Amino acid sequence: MLSTPFSSLGSHDSDDSALSLDKMKSCAILAVPTEPGGPVKFPVSSSLRHKGKAFDLDAAREVITLLGINGEPIGSLSWDFIIDQILAYRKPQASRETRNDPRVTITFGVKYIAPEGQQFESRASGIGGGGLFIESLRPLPVGTKLALEFSLPEHPSEWLPAKGLVAWVCPKADQYTFSPGMGVRFTEINPDIRNRVLELVKSVQPV
């Protein structure tokens, strides 16, 4: 069987062949990640409201970050948090309207210690049975484990312990959270303390 020369595969002239080869090279370059095993960027192109933004997926840390049109980070979410949200919306509409862990927007003090031992004191602006939101100009990365102490408004001098995990971050103020900071999900909390949080939420929520 005779092999077929490349020149006889089509009616393209030499310029067309060179152009096709250039396209193949470009595709090959685009298909190879610049940093093997590193984050992968996916541009938003179909959404009219968000065209120009991009998603940065970090499989090693299991974090997804939304990037602005200039490449600046807008916010990050852990895959764990995203999965929980998707599973929640698979429930019937009636069950979605009643949250298992309702939250309220209130201001109170919070202290936390990062894994490296850094100690921080800040203000929280929301809480529920599942976690709280800590205001911070330098939120810690998604997935960071924290040792927490927070004081509820009715007893500001009493510090309640808990442990948590940074589930999502908002590095700058936006129309949804209004303040930069991080959402922390409780991973360990005394049932009595959680009940006190739930009672507070219930008392603040409108009837």
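Filter the stretch 45-64 for residues that are within 12 Å of the chain's Cα centre (by Cα) and without any contact (Cβ under 8 Å) to a residue 24 or more places away in the chain; which is nearest to GLY131 (Cα to Cα)? First the steps, then the outcome.
Residues of the stretch 45-64 that are within 12 Å of the chain's Cα centre (by Cα), as a first pass: 55-58, 61-64.
Still in the running and without any contact (Cβ under 8 Å) to a residue 24 or more places away in the chain: 55-58, 64.
Values: PHE55: 25, ASP56: 25, LEU57: 24, ASP58: 24, ILE64: 20 Å.
In this case the residue turns out to be ILE64.
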**Report entry** Residue selected from the stretch 65-89 under the condition more than 18 Å from GLY143 (Cα to Cα) and in a helix (DSSP H, G or I), by the criterion nearest to the chain's Cα centre (by Cα)
**Finding:** ILE86
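Got a number for residues in the stretch 82-109 being at pLDDT 80 or above and either closer than 22 Å to THR144 by Cα or not hydroxyl-bearing (Ser, Thr, Tyr) (or both)?
Filtering the stretch 82-109 for residues at pLDDT 80 or above gives 82-83, 102-109.
If we keep only those that are either closer than 22 Å to THR144 by Cα or not hydroxyl-bearing (Ser, Thr, Tyr) (or both) too, we end up with 82-83, 102-104, 106, 108-109.
The total comes to 8.
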Query - Unmet requirement for GLY143, which otherwise passes all of (1) in contact with a Phe, Trp or Tyr (Cβ under 6 Å, 6 or more places away or on another chain); (2) on the phi > 0 side of the Ramachandran plot; (3) of a type outside the set (Ser, Thr, Tyr) - result: (1)
Report summary line: All-but-one check, LEU146 against (1) of a type outside the set (Lys, Arg); (2) at pLDDT 90 or above; (3) assigned to a loop (DSSP other than H, G, I, E, B), failing number (3)
Report summary line: Selection from the stretch 46-62 of residues surrounded by 12 or more Cβ atoms within 10 Å (Cβ to Cβ) and closer than 18 Å to LEU165 by Cβ yields ASP58, ARG61, GLU62
Query raised in the report: When you go through (1) part of a helix (DSSP H, G or I); (2) at pLDDT 50 or above one by one for LEU21, which number turns out not to apply?
Result: (2)
Query raised in the report: Mind checking which residues of the stretch 127-159 are under 23 Å from PRO115 (Cβ atoms) and without any contact (Cβ under 8 Å) to a residue 40 or more places away in the chain?
Result: ARG138, THR144, LEU146, ALA147, LEU148, GLU149
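Is it the case that the stretch 175-187 has a residue that's more than 21 Å from PRO73 (Cβ to Cβ) and not in a loop (DSSP other than H, G, I, E, B)? Quick ask: steps written out before the conclusion?
Step one: list which residues in the stretch 175-187 are more than 21 Å from PRO73 (Cβ to Cβ), which gives 186-187.
Now restrict to residues that are not in a loop (DSSP other than H, G, I, E, B): 186-187.
Yes, the conditions are met somewhere in the stretch 175-187.
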**Report entry** Checking ALA162 against (1) in contact with a Leu (Cβ under 8 Å, 6 or more places away or on another chain); (2) under 18 Å from THR107 (Cα atoms); (3) touching a residue at least 40 places away in the same chain (Cβ under 8 Å); (4) small (Gly, Ala, Ser), the condition it does not meet
**Finding:** (3)
Query raised in the report: Can you find even one residue in the stretch 110-117 that is more than 25 Å from ASP58 (Cβ to Cβ), over 21 Å from the mean Cα position of the chain (by Cα), modelled with pLDDT of 95 or more and of a type in the set (Val, Ile, Thr)?
Result: yes
Report task. Starting from the stretch 180-205, take each residue that is within 26 Å of LEU137 (Cα to Cα) and without any contact (Cβ under 8 Å) to a residue 24 or more places away in the chain and list its partners that are in a helix (DSSP H, G or I) and among the hydroxyl-bearing types (Ser, Thr, Tyr), counting only C-beta distances under 6 angstrom and pairs at least six apart or across chains. Result -> none
Requested in this report: Please specify each residue of the stretch 111-135 satisfying the condition of being buried (at least 20 other Cβ atoms within 10 Å of the Cβ) and in a loop (DSSP other than H, G, I, E, B).
Outcome: GLY130
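The values are calculated or read from the model by the stated rules, or taken from the named source; none is laboratory data. Note that the coordinates shown come from a computational prediction; the quantities given were computed from them, not determined experimentally. Cβ sites come from the backbone with ideal geometry, for glycine too, and all protein chains shown count toward neighbours.
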